[in-house]
Every structure is written in C-alpha cells, then in structure tokens.
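Heads up, the thing below is written out as structure tokens.
No value in this document is a laboratory result; all are computed from the given coordinates. Note that the structure is a prediction, hence the values are computed from the model and not measured. Because the Cβ atoms are built from the backbone with ideal geometry, glycine has one as well, and the counts that use them run over all protein chains shown.
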Amino acid sequence: MSDKALTVHVGRFVKEKRLEQNKTQAILAHDAGISRSTLSLLEKGETVTLQTLIQVLRTLDQLHVLEVFSVQTLVSPMLLAKMELKKRKRARSKDSNSSPNSIW
C-alpha cells in the first residue's frame, strides 16, 4: 500500500468507528481536543500528526489497535538455558556464621 492509501485506510477506520458510536465530527473533535476540520482531514486521509491520531483513537476507545506496534524481547534458547543454570536452587541463611546444625 502506498502512503496515501494507508492514510485513507486509517481515515475510513476512524470514520467507521465514529459512526458506530453515533458521534458527530463536532462531538468527537471536542472530546478529543482537536478542531472539527482536523478530524475531517483525518477521515479524508489527509496528513495529520500522530498525536492527533492517538487523541482520536483514545476518545473512540480504540487504542488497542496500536498494540501491533508492541516490541517483545525475544530470548535465544541458548541464553534461556544459561539463565536457567544461574537460577538459585537453594536458599541459605543471611547469617553466614550460622550453620544448619548449630540450630539443633
């Protein structure tokens, strides 16, 4: 998809969600803290800031669509195995002078 096609696609998504919630452009824009003309530009697929998109998505309760941008740290199997080897297997007393036999 071209950049223009993507912005049009996002604009359609925003418009569809707005209409599903039965909100006018004026109400959504007011709730999002932007002008109605900026929202109109967004819905038409024109260039708006990322900040504006986030404000609109938050107002529409659609921030979950941004979860696709989550970065997950992948650990290699070898590193995972090394970390498992370093894990504690036993607990010991904080007082290094006492031995388990001295309690008895």
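Taking a Cβ cut-off of under 13 Å around Ser37, the surrounding Lys, Arg, Asp and Glu residues balance to a net charge of 0, with basic ones at +1 and acidic ones at -1. Please compute the alpha carbon radius of gyration of the chain, then divide it by the globular-protein estimate 2.2 N^0.38 Å. Two decimals is fine. Normalised Rg, Cα atoms only: 2.09.
Of interest is the spacing of the C-alpha centroids, which for the stretch 26-77 and the stretch 3-25 amounts to 10 Å.
Extension gain, Lys87-Leu6: 0.36 nm per intervening residue step, less the Cα-Cα distance, totals 24.4 nm.
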